[in-house]
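Take a look at the structure below.
The values are calculated or read from the model by the stated rules, or taken from the named source; none is laboratory data. Because the structure is predicted, anything quoted here is derived from the model rather than measured. Positions of Cβ are generated from backbone atoms using ideal geometry, with glycine treated the same way; all protein chains shown enter the neighbour counts. Just so you know, the surface numbers come from the protein's heavy atoms only, side chains and all, with ligands and any DNA or RNA stripped out. Shrake-Rupley method; radii C 1.70, N 1.55, O 1.52, S 1.80 Å.
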Amino acid sequence: RFLLKGGLAGGAVYVAYDQGLLGSGTQGAEALRKAQEALPPALQEWTSYLGWELPSTPKFDFSPSDSWNKGVQTVMSALSVAPTRACEYTEEGWKYVKDLVK
């Protein structure tokens, strides 16, 4: 049982690596584009084979590399203003404490 689960997990990791999902952002975006092109015809083939009818798939305009870059930019921006904000919050805290002591 353990060997079967390990084999399936190893196979999944190998397929992900082989398709470029574990590479750079551009490789991941390319793999997503390939999946978006290949998945609807495959689903259509299987549903016609099984006699099912599925609604049309929605179209997504999503770029993982753009989202990743936006996230990195947001984090770096927050880190760059962190010392200034810490000083401002410290000053406000001291003012508050001084007002309480008065």
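Please say if segment 1-55 is rounded, prolate or oblate, where rounded means a/c under 1.5 for a ≥ b ≥ c the square roots of the C-alpha gyration tensor eigenvalues, and otherwise the choice is prolate for a/b larger than b/c and oblate otherwise?
Values: a/c = 4.26, a/b = 1.27, b/c = 3.35.
Oblate is the answer for segment 1-55, as a/c is 1.5 or above yet b/c matches or exceeds a/b.
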Radius of gyration, Dmax [the chain; alpha carbons; angstrom]: 25.3, 81
Cα→Cβ-extended label distance, 7 Å offset, between T26 and A12, nm: 3.0 nm
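For Y89 and L39, FRET efficiency with R0 = 41 Å and r from the beta-carbon atoms, rounded to 0.05? Display every interim value, and only then the final one.
Numbers: r = 49 Å, r/R0 = 1.19.
Taking R0 as 41 Å, the efficiency between L39 and Y89 is 0.25.
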Gain on full stretching of the segment that runs from D61 to F2 - 0.36 nm per residue minus C-alpha separation: 17.2 nm
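For the chain, what % of the accessible area comes from carbon and sulfur atoms, probe 1.4 Å? Intermediate results must be reported in sequence, preceding the final value.
Details: 6010 of 9350 Å².
Answer for the chain: carbon and sulfur cover 64 percent of the accessible area.
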Residue-normalised accessible area of the chain, expressed per residue, 1.4 Å probe, Å²: 92 Å²
11 Å beta-carbon shell around Q19, net charge (K/R +1, D/E -1): -1
